[in-house]
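Asker: Below: one structure in structure tokens.
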Amino acid sequence: MNPNQIQALKGKQKIVMLTAYDYQIARILEANNVDMILVGDSLGMVFQGNPNTKQVTMEAMLYHTQAVAKGAKTTLITADMPIHSYDTPEEALVNAKRLCQAGAHAVKIEGNQPEVIKLLQKHNISVMGHVGLLPQTAEKYQVQGKTPEQADQIWRDSLELDRLGVFSMVLECVPEWLARKITHDVKTPTIGIGAGKYCDGQVLVITELLGMVSKDHLPKFVKQYTNLDKVIGKAVTEFAHEVRNGKYPDKEHTYH
Ligand code: KIV
């Protein structure tokens, strides 16, 4: 699918997006008909082990985008522009081009950045918006738009992004009523994470969906569809046991 085809799904079919940071996961997502892959800067936390996304560099995003592009040959890949990679429209253009050369078909930018978006689009780079909780600048990870003023600002930002022509926008951690109103008021598809069921699509961080989590406290919206922590732990324990008691490698797994 390309960005236009994603836009055409609004009101017709829910859009499925997941994050991927490597070749193997990208390959599995593509084989299972995910509509869009996001090389999210959440990799700062779930891949690099940092407390937030504020240390993610362009080099890291390029590295992971290249790996994902090798695994997903036909799925639309959007790469996050990391913090400080779009401080000016000119820097944004240079960096967005690098991400596209690495294999991204579109880039995602946090917040309402009209000049950046206009310049990228002028150079035929598709942009995904992102409103609500903005992890690159947020001091605390918490629900946004709880006061009428905050909600109004998020609504205005989403209308502005829509007017600018983003091909979709992430709504992160906002009350369901607000996501519903935005989804109704904008032409472009909304992709929710912690934004309730009325969005045009949903995204989750892949490691959280798979139950690979180091945190005790997960956000309310995270649903773990399996528990890879346990699955991997069991395999590792069995391997260690067999090595220690001489059971592995056996005849079948040895060259003769
Ligand atoms: O970085 C990321 O994974 C994201 C999603 C949470 C939307 O921006």
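Asker: GNM on the chain, C-alpha springs below 10 Å: top fluctuator among Leu38, Leu210, Leu134?
Answerer: It is Leu210.
Asker: How much of the DSSP beta bridge set in the chain is antiparallel, as a percent to the nearest 5?
Answerer: On the way: 0 of 28 bridges.
In the chain, DSSP labels about 0 percent of beta bridges as antiparallel.
Asker: Could you please state how large a percent of the accessible area of the range 3-225 is carbon and sulfur, counting protein chains only and using a 1.4 Å probe?
Answerer: C and S fraction of accessible area: 53 percent.
Asker: Now for a different question. Over 22 Å, how big is the tail of the calculated P(r) for the range 3-225, in percent of all Cα pairs?
Answerer: Working: 11442 of 24753 pairs.
Pairs farther apart than 22 Å: 46 percent.
Asker: Amide H neighbours of Ile15 under 5 Å, counting only residues 5+ apart in sequence or on other chains, H built in-plane at 1.01 Å?
Answerer: Counting only residues 5 or more places away or on other chains, the set is Gly201, Gln202.
Asker: If you don't mind, another one. Find the accessible area per residue for the range 80-221; the probe is 1.4 Å, ligands and nucleic acids are left out, and the unit is Å².
Answerer: I get 47 Å² per residue for this part.
Asker: With springs only between Cα atoms under 10 Å, which of Val166, Val143, Val46 fluctuates most in a Gaussian network model of the chain?
Answerer: Greatest mean-square fluctuation among the candidates belongs to Val143.
Asker: List the GluC sites (Glu not before Pro) within the range 134-178 that fall in a DSSP loop (any state other than H, G, I, E or B) and whose Cβ has at most 11 other Cβ atoms within 10 Å.
Answerer: Glu139
Asker: Find the relative contact order for the range 1-149 and round it to a whole percent, using C-alpha pairs within less than 8 Å whose residues are 6+ positions apart. Walk me through the numbers before you get to the answer.
Answerer: Values: 258 pairs, mean separation 29.9, N = 149.
Answer for the range 1-149 is 20 percent.
Asker: Follow-up. What's the angle, to the nearest 10 degrees (0 to 90), between helix 148-164's Cα axis and the longest principal axis of the chain?
Answerer: That helix lies at roughly 90 degrees to the long axis.
Asker: Cα centroids of the range 15-39 and the range 52-80: how far apart, whole angstrom?
Answerer: Using only Cα atoms to place each centre, the spacing works out to 11 Å.
Asker: Now, a different point. Using a 10 angstrom cutoff on alpha carbons, build the Gaussian network for the chain and name the most mobile of Asn52, Asn32, Asn227.
Answerer: Asn32
Asker: Same structure again: Could you size up the charge dipole of the chain around its Cα centre, putting +1 on the beta carbon of Lys and Arg and -1 on that of Asp and Glu, and report it in debye to the nearest 20?
Answerer: My answer is approximately 600 debye.
Asker: Another one. Which of the pairs Lys10/Lys223; Lys140/Lys215; Lys12/Lys108; Lys70/Lys122; Lys146/Lys220; Lys10/Lys181 have their Cα atoms more than 19 Å apart in this structure?
Answerer: Numbers: Lys10/Lys223 24 Å; Lys140/Lys215 16 Å; Lys12/Lys108 23 Å; Lys70/Lys122 28 Å; Lys146/Lys220 16 Å; Lys10/Lys181 15 Å.
Check vs 19 Å cut-off fails for Lys10/Lys223; Lys12/Lys108; Lys70/Lys122.
Asker: When the Cα centres of the range 175-193 and the range 113-164 are compared, how far apart do they sit, in Å?
Answerer: 12 Å
The values are calculated or read from the model by the stated rules, or taken from the named source; none is laboratory data. This structure is a prediction, so every number in the text was calculated from the model and none was measured. A quick note on method: Cβ atoms are made from the backbone with ideal geometry, for glycine too, and the neighbour counts reach across all protein chains shown. Each accessible area value is taken on the protein alone, full model and side chains, heavy atoms only, with ligands, DNA and RNA left out. Shrake-Rupley method; radii C 1.70, N 1.55, O 1.52, S 1.80 Å.
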